Every structure is written in C-alpha cells, then in structure tokens.
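Visitor: Below is the structure I would like to discuss, written out as structure tokens.
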Amino acid sequence: MTRSFRVGAASVFVLLGLGGPAAAQVSLQMDSGGMDMSEMKVGDTATIGVRLTGLQPGQQLDTLAATVVFNGAALGTPTVTGGPIIPDPLNNPLDYLTLTDPGYAEATFLTFGEEAADRIRDNGLFYSFDVTAVAPGRGMFRFDFGDATAPNSEDPLDPIVVEVTTGDPLEFTVVPEPCSGLMLAMLGLLWAGRRSRRQR
C-alpha cells in the first residue's frame with residue numbers, strides 16, 4: 001500500500017462534507033505500556049498504544065483516524081495492530097485500513113454501516129504499533145494527524161465533526177552498544193602491537 005491512501009482518506013472526509021454541527025471532543029493519547037524508552041538498545045522492541053478517550057455514553061464514531069510520526073532512521077518501519085474498540089466483525093473489510101513507512105504509523109476507521117455495531121462506541125485502544133531499534137538515535141513519537149466524525153441521523157451524508165485533541169509526544173533514545181570485553185581486549189592487543197613495532 002502506498003502513502004497515497006492518506007491523501008485518498010482525507011479526500012473522502014472532504015467529499016463527505018464535514019460541515020455539520022460539531023460534537024463533543026474526544027482525545028487521542030499515546031503510551032509505551034510502562035516501558036522506559038530513555039535507553040533503548042539496538043534490537044529492543046517497544047509497543048506504542050494509541051488510545052481513544054472522551055467518548056461519551058451513547059456517542060458513536062463512524063470515522064476515526066490517527067497518524068503518528070517518529071525518527072525512522074533509529075526505529076525503522078512499524079507493525080500496526082488494531083485495537084479492541086474497532087468493530088468485530090467489520091461492516092466492510094475496507095472499513096479499517098493501516099499504513100506504515102519508516103517513521104510513520106497510521107490507522108483509519110471509516111464506515112458507511114448504519115447499525116450501532118458497525119461504529120466505534122467505546123473508549124480504549126484504537127491501535128498499537130511495534131517498533132524495533134535499528135540504529136542509535138533519539139527523537140519522539142508525535143501525532144501528525146487526528147480526525148473523527150459522528151453519524152448524523154438527520155442527514156447521513158453530512159456526518160458531524162468531532163473535535164480531536166492529541167496528547168503529548170513520547171521521547172525515546174537508542175543508545176550505542178557498549179564495547180564488549182572481547183573487543184576491548186582485541187583493541188588492547190592492537191595498541192600493544194603497534195607500540196612494540198614503534199619501539200623496535
């Protein structure tokens with residue numbers, strides 16, 4: 001799948017005519033599941049959760065989308081897993097799509113289903129993604145995009161815009177691998193050999 005999907009999804013939101021009245025806001029937050037990401041080592045894997053909060057009892061979403069960006073040179077390409085608030089089964093297999101690239105994790109839920117079971121109805125985990133440290137570096141996970149709409153019973157083709165606030169970034173650092181004892185011993189032998197040749 002290519003990055004053009006994101007442009008397509010945004011175009012769908014526009015074509016749907018997001019000009020209806022605004023509904024109560026919701027929030028998207030990130031967490032690392034308690035993992036300390038300040039001293040990650042190459043090969044370590046972190047799981048970042050993207051959670052929905054603020055959805056009121058009885059409120060439903062027919063659209064929810066979120067994009068997280070980060071330092072792909074240090075953490076590579078993520079693997080995205082859908083969360084339990086996504087309807088199961090989906091009204092249509094294309095109602096939930098993901099997109100990943102180095103430094104980029106996106107999930108989009110968009111349904112034209114008319115039943116409550118077809119929509120997002122609960123707060124909780126929207127999606128999570130795993131990243132594995134591939135090189136020393138530092139940076140942060142931050143939201144680049146967030147969008148939500150609620151169904152409009154008076155005009156199904158004019159969904160209600162739901163304001164989305166996004167939480168604070170998460171910082172991370174991938175530290176260089178320390179030299180092993182064997183490598184230190186080899187460096188010592190090389191240095192001693194050079195010194196011996198110079199003395200001769």
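Quick note: the coordinates plus some simple rules give every number you see, no bench work behind them. These figures come from a predicted structure and were not determined experimentally. Methodologically, a virtual Cβ is constructed for each residue, glycine included, from the backbone with ideal geometry; neighbour enumeration extends over all protein chains shown.
Visitor: Can you compute the FRET efficiency between Leu157 and Asn123 using 1/(1 + (r/R0)^6), with r the Cβ-Cβ distance and R0 = 35 Å? Round to the nearest 0.05.
Guide: 0.80
Visitor: Full-extension gain between Phe112 and Ala73, please, as 0.36 nm times their residue separation minus the C-alpha to C-alpha distance. Walk me through the numbers on the way to the answer.
Guide: Values: separation 39, 0.36 × 39 = 14.04 nm, distance 3.76 nm.
Result: 10.3 nm gained on full extension.
Visitor: Could you sort 92-100, 150-158 so that the peptide with the highest average Cβ count within 10 Å comes first and the rest follow in order?
Guide: 92-100, 150-158
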